[in-house]
1. Would a scan of the range 263-276 turn up a residue that is under 25 Å from the mean Cα position of the chain (by Cα), assigned by TED's automatic domain parsing to the domain that holds residue 296 and over 24 Å from residue 45 (Cβ atoms)?
2. Within the range 202-251, can you find the residues that are modelled with pLDDT under 95 and in a loop (DSSP other than H, G, I, E, B)?
3. Return only the number of the condition from (1) surrounded by fewer than 22 Cβ atoms within 10 Å (Cβ to Cβ); (2) under 30 Å from residue 520 (Cβ atoms) that residue 409 does not satisfy.
4. Of everything in the range 66-100, what is at positive phi and at pLDDT below 90? Give them in sequence order.
5. Based on what the data block shows, is residue 23 surrounded by 24 or more Cβ atoms within 10 Å (Cβ to Cβ), modelled with pLDDT of 95 or more and not assigned by TED's automatic domain parsing to the domain that holds residue 142?
6. How many residues does the range 422-466 contain that are touching a strand residue (DSSP E or B) at 6+ places or on another chain (Cβ under 8 Å) and over 19 Å from residue 527 (Cα atoms)?
7. Evaluate the following for residue 367: is it outside any loop (DSSP other than H, G, I, E, B) and more than 19 Å from residue 122 (Cα to Cα)?
8. Mind checking which residues of the range 304-327 are surrounded by fewer than 19 Cβ atoms within 10 Å (Cβ to Cβ), assigned to a helix (DSSP H, G or I) and over 19 Å from the mean Cα position of the chain (by Cα)?
């Protein structure tokens, strides 16, 4: 009996342990991705200058976590620096005497810890729904998810925001039994999610409606009980709003903020909605900045075709490509099981995930599955409910599918960012189907430097790099071939796959007249010309 009791926590530790090892390994090996320097630079300004002027389009909570990690590195930053937020990150990492490897790792470690803690939320949520075995199935899918490992190892906002939304709905589920304990905690989690990314706002009405449904009174209530429920739900909202304010005050107790140039209220329903948000001015202006981004036209790439604008089916397609096949099968099986066996739980899992997915599908930027990183979290919980199927030997296909997921994930180690499943050619073929943060986010400068030393020493190297890193810092001496006539470009030509996907004009002619000879990190293609 004692051995059985010990076996469960041992399996949990092993699952989270392998995930931690995978995330730390990738965090150590990768150069800053495109977005990370902005967040890391902003985090340093938060800690040292208590100013909200940088990166106002995103709320501060995740960046405060990064700042906590960076506190151990004593990051040096020029207090008088006046560059924009993109240049700020480069200045901090490469021009201020800091060690970018150590500083980036310090910023990434708090996000790694949060990702592991959200794994426990997945475990407990699934266990609450369908028992201990459901918890292990859900945790296994979570801990082997290539997308969660990839983005959980980066100093970005996607995983923290998604994990806090998941935590909110888990606490609301528990509040059905113990509302006095868990409803206030759900309000704090909801506020923390809102203070991480404004894209979590669509979860608010769902969360407040679910706060009306404690188990003890059910659906039918008298007017007095109904009134109490409404007040209770309102209390959850008040706690969430207070949490957002406290987080902004933690950055700057005086809330000094000037609206950036070019940001205006668009009027109409959107403008009215922003005006009604009970949040600090910096938050409301950040939402207006997001609206401005959404009015722009961006480049996209899907299934080998480049295009302008956005496709409504882009995110489902990206998920289909980047999710292990066994995981997709268990998501489907779990969804059917949940709707048949425990439909009320779908309100706390499938409903928020579905609403957030639909809203994300209307976005203007087809840049990656990270915009719906909440899906492998919520659907891991849903998949765990397959254990409610009581047919004989049901556990066998479940175990086989979980093992298939684990093998698919382990095979891509340590290249989790460019992962795609076997049906789409695996990790080596992702760049032919997707671009940007799905495959190439500027993360492989250290690997390129190593490849150039080991394989192409003494050869002339040219580089077309898309990213926020500084190639010369890593010892890469390679001019941009697009700055000279094509007939002068001879030798090794390295091109970031995000640039390859959208290649036109001179870059396309350069690629078409060169021969592919190698890949680096599955995010850069090496040509000989």
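The values are calculated or read from the model by the stated rules, or taken from the named source; none is laboratory data. Given the structure is predicted, the values throughout are model-derived calculations rather than measurements. So basically every Cβ, Gly included, is an ideal-geometry build from the backbone, and we count neighbours across all protein chains shown.
1. Yes; the residues of the range 263-276 include at least one that is under 25 Å from the mean Cα position of the chain (by Cα), assigned by TED's automatic domain parsing to the domain that holds residue 296 and over 24 Å from residue 45 (Cβ atoms).
2. 211, 212, 213, 214, 215, 216, 217, 218, 219, 220, 221, 222, listed by residue number.
3. For residue 409, the exception is condition (1).
4. Scanning the range 66-100 gives a single hit, 74.
5. Judged against the criteria, residue 23 is not a match.
6. Within the range 422-466, residues that are touching a strand residue (DSSP E or B) at 6+ places or on another chain (Cβ under 8 Å) and over 19 Å from residue 527 (Cα atoms) number 3.
7. When the stated conditions are applied, residue 367 does not pass them.
8. Once the filter is applied, which keeps residues that are surrounded by fewer than 19 Cβ atoms within 10 Å (Cβ to Cβ), assigned to a helix (DSSP H, G or I) and over 19 Å from the mean Cα position of the chain (by Cα), the range 304-327 yields only 325.
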